[in-house]
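**Q** A single structure is presented below for examination.
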Amino acid sequence: MAVLLAGLLVLSLPATAVSAAGPDERTAGADAPEQVFVETNGTTNRLDPGEEVRSERLEYGDDLGTSLMTADDELRVDYEQERIVRDGFDDASNEEREEMVSAGYGRLRERIDALEAREREAVRAHATNDRSTTRLLQTFSRNYHESDVIASALDELVAYADRIPGYSISIRNDKSVLEMYRTDVRSQLETTPDRFGSNRKRLAVRTAETGYSVSLLDRNYVRETTRFDGRNASRPNQFEDITDAHDTAQELYPWVFDADHETHSSDAVESRGVQLYRIRAIHDQGRLTAYLDGGTSAVHRELQTLDHEQFPTVNESRWIDGGLVLAINETAANGPAEVTVADAETGDPVSAAVSVDGEPVGETGSDGSLWILPPDDGFDLRAESDAGAVEGSVSNSAA
């Protein structure tokens, strides 16, 4: 593991759409995936999960939180390690102990491999309407918990290995893989929402044959995207070194690395044994973590935590009726949109109930504003207060 580059970058260039397609000298003749990043200006590029997307919007409340409670994998992992390693370890010879630790490690490696296979199957089933959104989120939640359980079991296994003279195991690469499942999105799914408060979380889920994205809107806009075709650990490493991987990330996320941010830093960590390169960057709107795969030289998993209130507006619509003014400010890459309601005569903010395609999505606050996760396609927007109601239709715009 090596840490690279933490400093201020001051170059400023406009952000553009980036594609990781096209072989270069290192990938000539290889089947490198074509990855499209949604074009943005004044904010970060965002990895697209793929074509033929199924899109769902839902609210995280008590019912969904209860549904995400899944079977506890801790007991299963603990039982396996008890049976394979702990049982009889004290009385075993050093050679027998090595075999026990090796077998226990092998079983944990199998469980690590099963995490991605489980997610890949769940995502593809969801994309073809063979699995509900709640069941898909259950899979993500289960992997979130099991990855932590496996990591603890690996630490315990190292302690057993240290008791064997001249024998050791390295779990550094395994920990790097497990880290990808401990994301901000999955962590926030585990928190209990306020039943009646304004902090109930809104979720957007998009799935395709090649990957998925899960977005969550709370105090921040948190987005997790994975491209399964961006991971191929069996291929030769396409990166010459960690600097090469960092340079590739700069090309894929030009605004993050090239804009003149007041605050900016970045670092890169290499896990060469599993051909993963974690690139992290902090910028004015939040932070980016991208896991680049050495076999494909593409982004396998992208994690972004962003302050959506700093996003530039790319499209604005406005309607007046019933003594109210309803407006929506859309942001790039179909990100969060701000809905505002005001008095048509005075311009004062109005508290109003907002619905999208007839479904309630929340109420504007004392400032007359509400942030929503808009549908991918056009939709009907309505706001209703004690004074009246106003509605309009939002087209499938460039946002």
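**Q** May I ask you to list the residues in region 74-127 that are exposed (fewer than 15 other Cβ atoms within 10 Å of the Cβ) and within 21 Å of the chain's Cα centre (by Cα)?
**A** Matches in region 74-127: D113, A114, A117, E121.
**Q** Report, by residue number, each residue of region 244-269 that is assigned to a helix (DSSP H, G or I), in contact with a strand residue (DSSP E or B) (Cβ under 6 Å, 6 or more places away or on another chain) and over 16 Å from G286 (Cα atoms).
**A** A245, H246, A249, L252
**Q** For region 116-123, does any single residue satisfy the condition of being modelled with pLDDT of 95 or more, in contact with a Gly (Cβ under 8 Å, 6 or more places away or on another chain) and closer than 30 Å to T207 by Cα?
**A** yes
**Q** Which of the numbered conditions does Y277 fail, given that it passes all the others? Conditions: (1) part of a strand (DSSP E or B); (2) touching a residue at least 40 places away in the same chain (Cβ under 8 Å); (3) within 17 Å of I242 (Cα to Cα); (4) not small (G, A, S).
**A** Exception for Y277: condition (2).
**Q** For the structure I just gave you, tell me whether H300 is within 24 Å of N232 (Cα to Cα) and surrounded by 20 or more Cβ atoms within 10 Å (Cβ to Cβ).
**A** yes
**Q** Which of the residues that make up region 62-109 are modelled with pLDDT of 95 or more and hydroxyl-bearing (S, T, Y)?
**A** S93, S102, Y105
**Q** Would you confirm whether any residue within region 187-196 is of a type outside the set (A, V, I, L, M), within 20 Å of the chain's Cα centre (by Cα) and surrounded by 20 or more Cβ atoms within 10 Å (Cβ to Cβ)?
**A** No: zero hits.
**Q** Hey, another quick one. Just need a number here: residues in region 282-295 that are part of a strand (DSSP E or B) and either within 22 Å of Q238 (Cα to Cα) or more than 20 Å from the chain's Cα centre (by Cα) (or both).
**A** Of region 282-295, the ones part of a strand (DSSP E or B) are 282-283, 286-293.
Pick out the ones that are also either within 22 Å of Q238 (Cα to Cα) or more than 20 Å from the chain's Cα centre (by Cα) (or both) and you get 289-293.
Result for region 282-295: 5.
The values are calculated or read from the model by the stated rules, or taken from the named source; none is laboratory data. Note that the coordinates shown come from a computational prediction; the quantities given were computed from them, not determined experimentally. Because the Cβ atoms are built from the backbone with ideal geometry, glycine has one as well, and the counts that use them run over all protein chains shown.
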